[in-house]
Amino acid sequence: MADVTFLDKLSTQLIQDYDNNLPDVVVVLPNKRARIFLLEALKKQLSQTVFAPKIISIEDFVQDVAGIRSIDTIGLLFEFHTVYLGLTPKEKQQPFETFANWAKTLLQDFNEIDRYLLDPKHVLSYLENIQEIEHWAVDVDKRTTMIENYLEFWKLLPSYYNALYAHLLEKGSGYQGLIYREAVKNIHHFSNSFTKGQMVFAGFNALNAAEEKIIQHLMSLGQAKVYWDIDYVFLNDPYHDAGLFIRRFKKEWKQYALQPFEWITNEFSEPKNIHIIGTPKTVGQAKIAGELVEQFQKEGYSLDKTALVLGEESMLIPLLYSLPKSVGALNITMGYSSKNNPAQLLLQKLFKLHTNAINRSEKSYTLYYREVMDVLTHPLVEPYSGAKELIELINSNNFTFFSHSKLYELHASASPFFRLLFDRWDGNVGDILKRLSDILVTLKGFMSNDEEEDKITKAFLYSIFKVINKLINYYEEHPQMDSIAVLYTIYKQVIDLAEVSFEGEPLSGLQIMGVLESRVLDFENVVITSMNEGKFPAGKTQNSFIPYDVKRELGLPTYKEKDAIYSFHFYHLLMRAKNIYLLYNTESEGLDAGERSRFLTQLEIEKQPKHNLVSQIYNAVLPPKAYEPMVIPKTQKVMDRLREIATGKGFSPSALTGYIRNPMQFYYQRVLSIREVEEVEESVALNTLGTIIHGSLEVLYTPYIGKFLEVQDIDAMTTLADGVVLDNFKKEYKEGEIKKGRNLLAFEVAKRNVHNFLKLEKKLLLDGDAVKILALEKEEKRLLEDERLPYPVMISGNIDRIEERNGRIRITDYKTGKVEKNNLVLKTWEGLTEDIKNEKIIQLLTYAFMYEPHGEDKETEAGIISFKNMKSGFMNFAFKDGFDKSAPVQDIIDSDVLAEFKTQLVTLINEILNADIPFEEKIV
């Protein structure tokens, strides 16, 4: 902490004024957290054991004065709904989920009206009059039913307020504003009964009207003292927001005509090192904060006197990962939102899975594979669900939508935990909540007590478990929660309140806190993150039915007052600190972006003479190269594996072109045999579509292998084509949906491609072509023996179609994508295997090389039929000498062509088998 903190000063004053009567003193502080620090400050100054004063927060104190217990937000919403049902005719009653949307805002307005002791009838009638004037009062005759209902809502506001107020008072509970209003009514009774001791209010800044009235009343009776904590710099500057409230109190409270105004300090203008650091993104700020903590340790500063104040809570996790390992004790005193809590995300996925299953078909409870996978692959579920085989089954069979019974058919050995997750939700809200509670308890049982990571996970689970238990209690009391839709609406609203509380030692180690948790506390070293507009200060958020100008007129707080509160917190953190680091995001675009905070500009413009202020921009250090390509040396094991492939299964044309495209791809797929993970194809992928067309043509042509085709053979195939394509679709796409959407279109495309192919075939037969099918989808192998190679190498692959056409051997490769004729014309043999644009030529020549021994010395041609360029028909490989313009185009693949190709092939294979040439990634 700073040398002499506000709490040190307060403890000295308490001992000085009430040394023997400390137990009779009641100290009221802005929050509960400061209590433990004040006790510690007192302990340091006392040499003997004494009874401590009573130290409470302002909210607890006001509850004591009012004699009313506080009700939580969701409980209040239910109570309001009960009141609403009593006041609204049955035919006009809205369902709970619709009611909750506007009721939350209205309750906030009721709360403000009460905290500032305004006349509710006046304010709410004023709002009604505004709506009348603004919208439709002029033309009374033309009002529709909707307009009448709208205006009736505003007319009912005073009734809602009065009925709710009376209803809550009867129950002895209330929201914050009601408690404050009742405390003001009860303050005379309270002060009359408070006959012994003294009240001390310390460290306050902004007070609402009720708090002002209570404190002033006690001060006027001599029962209370107030100790502010304000600096001359802020108090004496009429425009400085940090002193906005306290300047008014000093000027307007009549008690200060007779008693001194305490305490005004002069510490902000003392020497300080202030560093304003801009860096890109949240992660950049987290990294710098971690480095600063390390720097403090090296320079010998105590981490007990260091605070990391986070302008936004989402910074917490990246910050924890960025802290140096040397940080021992750590105290996190800020709530971590449920938005990123893994336990909450799991429950959200379960709600989505089950509500959508019911909505699709309540009878069959239809599940969608992606929602099932989201649950099964969730990090809290995956290790314990025992569903690895089920996931593989869903992926390999392309299940997209399936019934609940099908799920258990596929996973017959379901564990009790799996059943907790996936058993049907029958609509009974109580049963669903019990199930969710059981899921969280089961997950806790899987966790270890010793692992640090599991302790954090348990904190996440516990925060959600408390919320579910709260919902179980609500369900027993409130019949409105009668459907899954209502439950989910309430769950989404409750979950916002489910902050995770981390355990820590508040008095030692590095303090990580939010802005509000820093009230009343002082530190020597302060690091504040997210110093951007919209984060610090929070910006203009208007969640109220009361317009801005009305708030100004009635004296209710607006965003200006909220900014002033932020301003006070910010400057109070800086007041006694010596080393201050203010971090902001330099990015102007993106989710966590924004202009740098006005507070930073204010610090620079109003720089104090003794302040050493430095502004810096930190960018990540960029390496000379953004990315270093991966390089895998060919060890003896790799060489042995290459020999095993070369002399066994062999190199296929796609393996060779894969190496040309990227040697690393060849290494992963061929050497290491790593395949892509199989996933559900929700839409038919292009490669699957290609397989379906290949398979269909194979089925149609197989009966005619070895004979010359006739026109009637093509007609027979055309009749069968649709059925064959459907069969192949089912075979390849398995359980995938093909009767609608994009898949239906893909099915029609496959049929059209097959029919177009058969039309082309028929036309050529009618034009006089003599066609004899020799083989389909034929697996060919040939040993490549050459003295330039270290050993003979097997070349193998599948040829789509081999035929004899007009006396020539024709090798055809089908391509589903678009291929142009010029893609198959070679102009020079030099560097053939160095450029991936030659991949189709290499494939065709490899097929020709493999088939050469069976060619019976007939002329051979090889080419491609492109289904997206069917009008070009068969496009064959051709060699056109690029240097000799007069040379004829050669489209026959003879022994000379194959000899040239063999030389190129040997060069490529030698490179693959060369131990001195590593596999090096190609960066495209």
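The values are calculated or read from the model by the stated rules, or taken from the named source; none is laboratory data. Predicted model only: the values in this text are computed from it and were never measured. Every residue, glycine as well, gets a Cβ built from its backbone with ideal geometry; the counts of neighbours run over all protein chains shown.
Odds and ends about this structure:
- The stretch 182-204 residues that are hydroxyl-bearing (S, T, Y), paired with ones that are buried (at least 21 other Cβ atoms within 10 Å of the Cβ) (beta carbon under 8 Å, 6 or more apart): S191/L218
- If you filter the stretch 118-151 down to residues that are more than 17 Å from S544 (Cα to Cα) and in a loop (DSSP other than H, G, I, E, B), you find that the one that is modelled with the highest pLDDT is D119.
- Some residue of the stretch 849-862 being in contact with an Asp or Glu (Cβ under 7 Å, 6 or more places away or on another chain) and among the aromatic types (F, W, Y): yes
- D426 vs. criteria within 22 Å of L471 (Cα to Cα), in the same structural domain as L461 (by TED's automatic domain parsing) and in a helix (DSSP H, G or I): no
- Any chance G797 is within 54 Å of the chain's Cα centre (by Cα), part of a loop (DSSP other than H, G, I, E, B) and touching a residue at least 12 places away in the same chain (Cβ under 8 Å): no
- Where a residue in the stretch 809-824 is in a strand (DSSP E or B) and its partner, wherever it lies, is among the polar types (S, T, N, Q), with Cβ under 6 Å and at least six apart: I809/T860; K815/S866
- Which listed residue, of S11, S47, S57, is of a type in the set (S, T, N, Q), more than 13 Å from M199 (Cβ to Cβ) and crowded, with 17+ Cβ neighbours inside 10 Å: S11
- Candidates P342, P318, P379 - the one that is touching a Phe, Trp or Tyr at 6+ places or on another chain (Cβ under 8 Å), surrounded by fewer than 20 Cβ atoms within 10 Å (Cβ to Cβ) and either modelled with pLDDT of 85 or more or not polar (S, T, N, Q) (or both): P342
- For the stretch 245-298, filtering for residues that are outside any helix (DSSP H, G or I), over 30 Å from E212 (Cβ atoms) and of a type in the set (D, E) leaves 1.
- When every residue of the stretch 812-821 is checked against the conditions, none turns out to be hydrophobic (A, V, I, L, M, F, W, C), under 23 Å from I660 (Cα atoms), in contact with a Leu (Cβ under 8 Å, 6 or more places away or on another chain) and assigned by TED's automatic domain parsing to the domain that holds R782.
- Among the candidates D3, D17, D64, the residue that is among the acidic types (D, E), more than 37 Å from the chain's Cα centre (by Cα), surrounded by fewer than 20 Cβ atoms within 10 Å (Cβ to Cβ) and at pLDDT 90 or above is uniquely D64.
- Odd one out for R805 among (1) exposed (fewer than 13 other Cβ atoms within 10 Å of the Cβ); (2) free of Cβ contacts under 8 Å to residues at least 40 places away in the same chain; (3) within 24 Å of G768 (Cα to Cα): (1)
- Scanning the stretch 212-244 for residues that are buried (at least 21 other Cβ atoms within 10 Å of the Cβ), in a helix (DSSP H, G or I) and within 41 Å of the chain's Cα centre (by Cα) yields a count of 4.
- Residue that is surrounded by the most Cβ atoms within 10 Å (Cβ to Cβ), among those in the stretch 772-798 that are out of contact with any Asp or Glu (no Cβ under 6 Å at 6 or more places or on another chain) and among the hydrophobic types (A, V, I, L, M, F, W, C): V793
- Screening Y301 against (1) part of a helix (DSSP H, G or I); (2) in contact with a strand residue (DSSP E or B) (Cβ under 8 Å, 6 or more places away or on another chain); (3) hydroxyl-bearing (S, T, Y) leaves a single unmet condition, (1).
- Any hit, the stretch 727-743, residues being at pLDDT 90 or above, surrounded by fewer than 18 Cβ atoms within 10 Å (Cβ to Cβ) and among the charged types (D, E, K, R): no
- For the residues T816, T833, the requirement of being closer than 17 Å to F874 by Cβ and under 49 Å from the mean Cα position of the chain (by Cα) singles out T816.
- Condition check for A915: within 51 Å of the chain's Cα centre (by Cα) and assigned by TED's automatic domain parsing to the domain that holds G658: yes
- Qualifying residue in the stretch 541-561 (condition: within 16 Å of E312 (Cα to Cα) and in contact with a Lys or Arg (Cβ under 7 Å, 6 or more places away or on another chain)): no
- Residue, farthest from the chain's Cα centre (by Cα), within the stretch 836-870, restricted to residues that are part of a strand (DSSP E or B) and aliphatic (A, V, I, L, M): A862
- Any hit, the stretch 184-192, residues being in the same structural domain as Q216 (by TED's automatic domain parsing), at pLDDT 85 or above and over 21 Å from A209 (Cα atoms): yes
- Within the stretch 516-544, the set of residues being crowded, with 19+ Cβ neighbours inside 10 Å, modelled with pLDDT of 85 or more and assigned to a loop (DSSP other than H, G, I, E, B) comprises R519, V520, L521, D522, F523, E524, T529, S530, M531.
Condition check ((1) more than 24 Å from T688 (Cα to Cα); (2) modelled with pLDDT under 90; (3) surrounded by 14 or more Cβ atoms within 10 Å (Cβ to Cβ)) across all residues:
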position	(1), (2), (3)
Y814	no, no, yes
V819	no, yes, yes
L832	yes, yes, yes
K840	no, no, yes
M850	yes, no, yes
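- Residue within the stretch 77-95 that is surrounded by 14 or more Cβ atoms within 10 Å (Cβ to Cβ), over 41 Å from the mean Cα position of the chain (by Cα), at pLDDT 85 or above and within 27 Å of P557 (Cβ to Cβ) present: no
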